[in-house]
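Q: First the structure, then my questions, so here it is.
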Amino acid sequence: MGAYYSSGIIYHTFDLTINKEISLLKEIDPLKLPTLKSKMKLQIQNELDKVHKDFTEEDWINAFGDKVTYNKSFKVTAIENNLLENYYFKNGKLNILITDYFGFPSATKNMDLTFEITIPFSELDIYLKENSILNNLK
């Protein structure tokens with residue numbers, strides 16, 4: 001991720017019974033978090049593979065500043081917990097929104113990547129803690 005300010009959309013989900021924001025990370029079973037992150041890693045890599053073809057290698061190198069950074073940026077090595085912070089629910093799915101993935105400045109903003117990772121509620125139950133407020137969503 002880059003060092004530039006992101007102007008992307010941010011979603012907040014609240015538990016209205018206690019009027020507090022629901023932290024998705026706190027609802028996930030810590031033992032199942034690696035499995036969820038693995039699924040996310042595959043989806044992010046797929047998005048990177050798709051956008052990689054949109055511009056020439058020279059364009060990408062110019063955007064990243066050098067070839068080493070360019071090469072590293074198109075390989076997902078780890079999923080940071082903060083990627084689970086921006087999410088919403090719609091049409092029976094959890095949608096994790098990732099905006100401005102590379103964090104490019106405005107001059108190369110058109111090359112940046114924004115996408116969603118989607119997980120159906122039926123699959124989401126697999127990753128949740130037993131006492132999660134998000135259990136049994138329909």
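Q: Output the Cα-based Rg and Dmax of region 52-117 in Å, rounding Rg to one decimal and Dmax to a whole number.
A: Considering region 52-117 through its Cα atoms, Rg and Dmax are 13.9, 42 Å.
Q: Here's a follow-up. Taking amide H atoms as placed 1.01 Å from N in the peptide plane, list the residues 5 or more away in sequence, or in a different chain, whose amide H sits under 5 Å from that of Ile28.
A: Correct list: Lys129.
Q: Averaged per residue, what accessible area in Å² does region 90-137 show with a 1.4 Å probe, protein chains only?
A: 48 Å²
Q: In addition: Top mean-square fluctuation among Asp112, Asp125, Asp59, Gaussian network model of the chain, C-alpha springs under 10 Å?
A: Asp59
Q: With only alpha-carbon pairs counted, each pair once and no self-pairs, how large is the Kirkwood hydrodynamic radius of region 40-84 in angstroms? Don't skip to the answer; put the middle values down first.
A: Numbers: mean 1/r = 0.0881 Å⁻¹.
Every distinct Cα pair counted, the radius reaches 11.3 Å.
Q: Now for a separate question. Please give the Cα centre distance for region 19-62 versus region 83-138, rounded to the nearest Å.
A: 9 Å
Q: What is the projected area of the convex hull of the Cα atoms of region 91-138, averaged over all directions, in nm²?
A: On the way: hull surface 17.7 nm².
Averaged projected area of region 91-138's Cα convex hull equals 4.4 nm².
Q: Find the all-direction average of the projected area of the Cα convex hull for the chain, expressing the result in square nanometres with one decimal place.
A: Working: hull surface 36.4 nm².
Projected area, direction-averaged: 9.1 nm².
Q: Which entries of Lys72/Lys109; Lys67/Lys90; Lys26/Lys72; Lys32/Lys109; Lys53/Lys90 show an alpha-carbon separation above 28 angstrom in the structure shown?
A: Working: Lys72/Lys109 19 Å; Lys67/Lys90 39 Å; Lys26/Lys72 30 Å; Lys32/Lys109 35 Å; Lys53/Lys90 30 Å.
Distance filter (> 28 Å) returns Lys67/Lys90; Lys26/Lys72; Lys32/Lys109; Lys53/Lys90.
Q: Could you give me the ³J(HN,Hα) list for region 27-38, computed from phi with Karplus coefficients 6.51, -1.76, 1.60 and θ = phi - 60°, whole Hz, x at Gly and Pro?
A: 8, 7, 5, x, 6, 9, 4, x, 5, 5, 5, 5
Q: With all protein chains present, how much of the accessible area of the chain (probe radius 1.4 Å) comes from carbon and sulfur, to the nearest whole percent? Intermediate values should be presented prior to the final figure.
A: On the way: 4520 of 8680 Å².
After summing per-atom areas, the C and S share lands at 52 percent.
Q: Extension gain Ile126-Thr114, at 0.36 nm per residue separation less the Cα-Cα distance, in nm?
A: On the way: separation 12, 0.36 × 12 = 4.32 nm, distance 2.62 nm.
Answer, rounded to one decimal: 1.7 nm.
Q: Among Pro105, Met40, Tyr70, which residue has its Cα furthest toward the positive end of the charge dipole of region 31-135, with +1 on Lys/Arg Cβ and -1 on Asp/Glu Cβ?
A: Met40
Q: Still on this structure, I have one more. Let me have the 222 nm mean residue ellipticity of the chain computed from DSSP H runs of 4+ only, each contributing -39500 (n - 2.57), with the sum over all residues rounded to the nearest 500. List each step's numbers first, then the result.
A: Working: 5 runs with 46 residues, N = 138.
Calculated from helices alone, the mean residue ellipticity at 222 nm is -9500 deg cm²/dmol.
Q: Still on this structure: So what J values fall out for region 94-103 if you push phi through Karplus, 6.51 cos²θ - 1.76 cosθ + 1.60 with θ = phi - 60°, rounded to Hz, Gly and Pro as x?
A: 8, 10, 9, 8, 10, 10, 6, 3, 7, x
The values are calculated or read from the model by the stated rules, or taken from the named source; none is laboratory data. What you see is a predicted model; the values in this text were computed from it and never measured. Positions of Cβ are generated from backbone atoms using ideal geometry, with glycine treated the same way; all protein chains shown enter the neighbour counts. Protein only, heavy atoms only, side chains kept; ligands, DNA and RNA dropped before computing areas. Shrake-Rupley method; radii C 1.70, N 1.55, O 1.52, S 1.80 Å.
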